[in-house]
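Working notes for the structure below.
The values are calculated or read from the model by the stated rules, or taken from the named source; none is laboratory data. Here the structure is a predicted model, which is why all the values come from computation and not from measurement. Note that we place each Cβ from the backbone using ideal geometry, even for glycine, and neighbour counts take in every protein chain shown.
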Number of protein chains: 6
Amino acid sequence: MREQYLLRDNRDSILEKDIEEAALKVTLGSERKTLQTEDERKMTAYHEAGHALVAQYVKDMDPVYRVSIVARGGSLGHTSFPPERDRYNETKTRLLSIIATSLGGRAAEEIVFNELTVGASDDIKRATTIAKKMVTEFGMSDLGPISYASVSGNMWIAKDFDEGTHVSSEMEAKIDTEVKKIMDESYAKAKEVILSKREMLNKISTRLLEKETIESDEFKELINS
Amino acid sequence: MREQYLLRDNRDSILEKDIEEAALKVTLGSERKTLQTEDERKMTAYHEAGHALVAQYVKDMDPVYRVSIVARGGSLGHTSFPPERDRYNETKTRLLSIIATSLGGRAAEEIVFNELTVGASDDIKRATTIAKKMVTEFGMSDLGPISYASVSGNMWIAKDFDEGTHVSSEMEAKIDTEVKKIMDESYAKAKEVILSKREMLNKISTRLLEKETIESDEFKELINS
Amino acid sequence: MREQYLLRDNRDSILEKDIEEAALKVTLGSERKTLQTEDERKMTAYHEAGHALVAQYVKDMDPVYRVSIVARGGSLGHTSFPPERDRYNETKTRLLSIIATSLGGRAAEEIVFNELTVGASDDIKRATTIAKKMVTEFGMSDLGPISYASVSGNMWIAKDFDEGTHVSSEMEAKIDTEVKKIMDESYAKAKEVILSKREMLNKISTRLLEKETIESDEFKELINS
Amino acid sequence: MREQYLLRDNRDSILEKDIEEAALKVTLGSERKTLQTEDERKMTAYHEAGHALVAQYVKDMDPVYRVSIVARGGSLGHTSFPPERDRYNETKTRLLSIIATSLGGRAAEEIVFNELTVGASDDIKRATTIAKKMVTEFGMSDLGPISYASVSGNMWIAKDFDEGTHVSSEMEAKIDTEVKKIMDESYAKAKEVILSKREMLNKISTRLLEKETIESDEFKELINS
Amino acid sequence: MREQYLLRDNRDSILEKDIEEAALKVTLGSERKTLQTEDERKMTAYHEAGHALVAQYVKDMDPVYRVSIVARGGSLGHTSFPPERDRYNETKTRLLSIIATSLGGRAAEEIVFNELTVGASDDIKRATTIAKKMVTEFGMSDLGPISYASVSGNMWIAKDFDEGTHVSSEMEAKIDTEVKKIMDESYAKAKEVILSKREMLNKISTRLLEKETIESDEFKELINS
Amino acid sequence: MREQYLLRDNRDSILEKDIEEAALKVTLGSERKTLQTEDERKMTAYHEAGHALVAQYVKDMDPVYRVSIVARGGSLGHTSFPPERDRYNETKTRLLSIIATSLGGRAAEEIVFNELTVGASDDIKRATTIAKKMVTEFGMSDLGPISYASVSGNMWIAKDFDEGTHVSSEMEAKIDTEVKKIMDESYAKAKEVILSKREMLNKISTRLLEKETIESDEFKELINS
């Protein structure tokens, strides 16, 4: 009966990498074999390298922990930045850096291939959500410290009505303008990083195509090389 | 008891064409006899030929697999482009080509007959849906990388509210402008292809009226003739 | 027991007219005796004659099958154009003709009596519905091949949300403008036909007042006289 | 047992007036004693006289059947115009006359007392509803023969969605403008009648204050005097 | 057992004041002891005096019956004007007077203390509701006799849809303008009364602070002094 | 069995501080140990000091009762101003002071660190809610005494419809303008206080970093030093 607990590669002790793999499976899904063409793998590699590179050069981002083009769940790759320590609050500076990092993948696609892919949709959506909250809940735009919280939506409709946050269409337009300004400036920032570190982007992508995954130490070495 | 498994034309072995027919029946519906006039069949033939021709001359489309004016289910004909291989991502280039291809049928109707038919409605709807997603979810318009996902609608209302994607009427107008620009440019592209390959369109239509269905190899020959 | 199956006028065989009457009863309702004044009957006759006359002189309409001022169900008269043969598709040309024909009754009211009646409401509603679909679903207006299908409404709300067709108020205004343009041009067409065939309108109306119903052959004779 | 069927005033035969009273009770409610001041009764009398007078001098209205300042149900008086005969259709001319007649009471209040009362609300509401239908359903305004039926609302929401009648805000504004134009012109007409027949209005009101109810014959005599 | 019916102050007969107190308890709630500062009591006294004074000097208001700064239920004081007799109708003149009277408390706060309190919210709300009905239902504004009844809302949504009163945003703006005009003019009227009777306001307030409640006779004496 | 009722630190009598702690636990949650960096603690200290300092120098605020950077529940610190006595009414002056005090934390963040944090969101939301009610319910803006109560939302939708408070988009824009004006002026006031008492802010923050909590007496001493 012992055998039925054997690990997948017939080892009988649990290594740290087993735990890591288990965690990844839970958060990102199982590894998935794909039959991408070489061009597609290259696009994926530059996309992930774009995230990692921008994260490295904007203010106050946590360090890159892993960059990978191993497909998992619905995604062709991932780049992760687990917080170095517990965070109790977030600053405007960090939120802007997170948005720019999210758009780093698409910036690489545009600069390197002059092409855009559907794969960047989730990055764009997540970044837009943060930008909208900066404007409507956190008071971090030129509209100043004022709350239009329901504009960002809430999980429970009833709550919206309770909280009294109907907004005029004029104010909605100003909110949209501020959100777009944050997105545009953040994307410009992402492109600026990538253009100024174009060689580094190539190095990371090349390494990814060779090894599929780059861990934090190797990433640091690459950056400092 | 054996007899009850006999195929419809009294053969007792299953040929590849039986399997094809079964697949078509499932996806498009059974063949349907119609009493179209010769003018109506001609309109149908040029419509399908329009799809196939545009697909051939825009970038990155999968090759034409079959063009047919056999009526099936609710439709008078169909042109199919099954993907050559698994696709893991889609590019802006391909999405624009798919839209132009969808509008190829209507472009042929307008150019050849100076007439428009209700039969193009589904093509137009499918193309519009893609164009709207390009603008609001994929960040593939002049509005740049920003997400207005709920504007495209979602299957579950609750999700919309949860995700906070209310949009000002000014931004809705900009989105509509971008969507229309994509549709107008794609339709112009479709017409350009058809006008520049007018003779080829006639050839494909004529062949369709003779044979009802053109398979991929024959289509390639026609194009290369 | 035989007697209980006797027909209403004591005949014991079923004639073709019995079947016709049965069909009319099902689609339009039973004949209804009214106590209209002579002026009211005249208004009704000119209204129906207006439909029939316009149908005769616009492109691609099916021929007039019957014109009648026998009141049935909620209506004071009816003019019918059953399709000559199965139709598998509809053209822009035919849809415009159907709209003009629908407005033919009101055009006659206005031109002959300089009066308008509530009786034209259903005609106007049906025509408007077609015009709206031409603009929002069939791509048959100056807005070109683009779909705003939900603007036309759908039977199931859920479907609308699913299909993602929210439209900006700017685009709604353009849609309304196009719909109104189709209606205005179609009404102008209807009036043009009636003004140019004013004598024929009188003949048809006079015959209707005499005989109550004109069948297709008699209608053709009248038109050709 | 006979006694229990005795009529309220101890008569034992049913007179025509008993039947009339029964009908009034069903449609307008029972007679209600009020303690109005003499000023209030005068206001009521002029209001009802206003309806009756306008009805007399606009086109195609049915003749006045009864004018009364006997309070019944929620109303302080009533003026009735039962149709002379069955009507199968309604003309624009008659609808405009009905609107002007509805506003006749308020026109009298304004002209005679330079005051307005809440009592005219139902008249105004009923007249507005007709005016809106003239514009949105009957094609009887400068917007021409086009239907915006759902703008007028329907009893069943589902029906609205089914019928596809969402309207742009530009068109809603045009509709409101047309409705207001009909109301303004009809009110002007009502005031014009009252100003030009000011003496007759006094006569009718005076008679009403004396007798409470004027029947059709007496009304005709008054008008012709 | 008799004792258990003894009144609260050990009397054994019911006096008129017991009945009054019972009625007040039902409509306004029980008396409530508060620990207001002297400044707060003064604010309350001037607020109630403001209502009473304006009521006295606008047209057609019923006479002041009682002014009180005894806190009851959720309110710190009350001023009442029960109708002298049954009313069967209301005039524009009286509605405007009721609005001005409602705003009399706030006008006193502003003029005497140059301060505003949350305590005036219910007065403002009630007055606004009347003003809106004057515009949208009673035809008592410059918009004339036309009904936008659903704009004022109805208790049952279904009723709104049934009655067909959707209004364009242009008309909504005009309605809001008219409502605001009525409110502004009524507030100006209230301030005008208070400014011109400033001494009387002081007298009423002073008496209220001494006696807490002023009955109608005493109020009349004060006014006439 | 006695032991099980012993207090947490083995005392057997309840002290006033036990009751205080119990009350804090109920309203703010239990104390929570955090691993904030020194920079983060400093940000928190200046934020709370900002609230306390502004409260001290605006009109009619209750005195500061406690300032603390002990994390409790979801919050990193708190400053409390329990009312000195029962309040029966609130003035415009006090509401403006409460808004400025709420924004005092963010004003300190901006002035001292030139940074903004997500931690100010709840302050901003609470302040905005008050500002909106001042405009739409309390009649305390340049829009004057008029009620747009439903714009602020209500817990029960049905109530909104009942109360008839639909507002035109023009008026919504004016309301938003007034709300923003109140917020902008209050924030300017908060910054003005902090800039003019910059040294005092440093003192309070330094004391907070040393002692974590400052009680009312110590706060008074600090202010008067």
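The table for this structure:
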{"read-out": "Subset of the range B:176-225 that is β-branched (V, I, T) and out of contact with any Ser or Thr (no Cβ under 8 Å at 6 or more places or on another chain) - its residue that is surrounded by the most Cβ atoms within 10 Å (Cβ to Cβ)", "value": "B:I204"}
{"read-out": "Condition met for F:A71 (surrounded by 19 or more Cβ atoms within 10 Å (Cβ to Cβ), in contact with a strand residue (DSSP E or B) (Cβ under 8 Å, 6 or more places away or on another chain), closer than 20 Å to F:I99 by Cα and touching a residue at least 40 places away in the same chain (Cβ under 8 Å))", "value": "no"}
{"read-out": "Residue match in the range A:59-78 (condition: assigned to a strand (DSSP E or B) and among the basic types (K, R))", "value": "yes"}
{"read-out": "Residues of the range B:60-111 satisfying the condition of being of a type in the set (G, A, S) and farther than 23 Å from B:L201 by Cβ", "value": "B:G73, B:G74"}
{"read-out": "Single unsatisfied condition, A:S68 versus (1) out of contact with any His (no Cβ under 6 Å at 6 or more places or on another chain); (2) under 25 Å from A:G29 (Cα atoms)", "value": "(1)"}
{"read-out": "Of the criteria (1) modelled with pLDDT of 75 or more; (2) more than 24 Å from the chain's Cα centre (by Cα), which one C:Q36 fails", "value": "(2)"}
{"read-out": "Count of residues meeting criterion [under 13 Å from the mean Cα position of the chain (by Cα) and under 17 Å from B:L209 (Cβ atoms)] in the range B:65-75", "value": "3"}
{"read-out": "Restricting the range F:175-225 to residues that are outside any helix (DSSP H, G or I) and either touching a residue at least 40 places away in the same chain (Cβ under 8 Å) or closer than 22 Å to F:I98 by Cα (or both), the residue that is farthest from the other protein chains (Cβ to nearest Cβ)", "value": "F:E215"}
{"read-out": "Residues located in the range C:87-122, provided they are touching a Gly at 6+ places or on another chain (Cβ under 8 Å), at the interface with chain D (Cβ under 8 Å from one of its Cβ atoms) and not polar (S, T, N, Q)", "value": "C:R106, C:L116, C:G119, C:A120"}
{"read-out": "Candidate set from the range A:12-64 (those that are surrounded by fewer than 17 Cβ atoms within 10 Å (Cβ to Cβ) and under 14 Å from A:L208 (Cα atoms)); member that is nearest to the other protein chains (Cβ to nearest Cβ)", "value": "A:D39"}
{"read-out": "Selected residue [touching a Ser or Thr at 6+ places or on another chain (Cβ under 7 Å) and of a type in the set (K, R)] from E:K92, E:K125", "value": "E:K125"}
{"read-out": "Residue satisfying all of: in the range E:30-58; of a type in the set (G, A, S) and part of a helix (DSSP H, G or I); nearest to E:L103 (Cα to Cα) among these", "value": "E:G50"}
{"read-out": "Leading residue by the ranking (farthest from F:H47 (Cα to Cα)) among those in the range F:100-119 that are part of a helix (DSSP H, G or I) and under 10 Å from the mean Cα position of the chain (by Cα)", "value": "F:A100"}
{"read-out": "In the range F:132-147, the residues that are at negative phi and in contact with a Leu (Cβ under 8 Å, 6 or more places away or on another chain)", "value": "F:M134, F:V135, F:F138, F:M140, F:P145"}
{"read-out": "Evaluation of A:E84 against (1) assigned to a loop (DSSP other than H, G, I, E, B); (2) in contact with a helix residue (DSSP H, G or I) (Cβ under 9 Å, 6 or more places away or on another chain) (one fails), failing number", "value": "(2)"}
{"read-out": "Among residues of the range D:129-174, those that are at the interface with chain C (Cβ under 10 Å from one of its Cβ atoms), touching a Gly at 6+ places or on another chain (Cβ under 9 Å), modelled with pLDDT under 75 and part of a helix (DSSP H, G or I), counted", "value": "5"}
{"read-out": "Pairs where the first residue, in the range A:47-60, is of a type in the set (D, E) and the second is in a helix (DSSP H, G or I), C-beta under 7 Å, 6+ apart", "value": "A:E48/A:G105; A:E48/A:L208; A:D60/A:T93; A:D60/A:R94; A:D60/A:S97"}
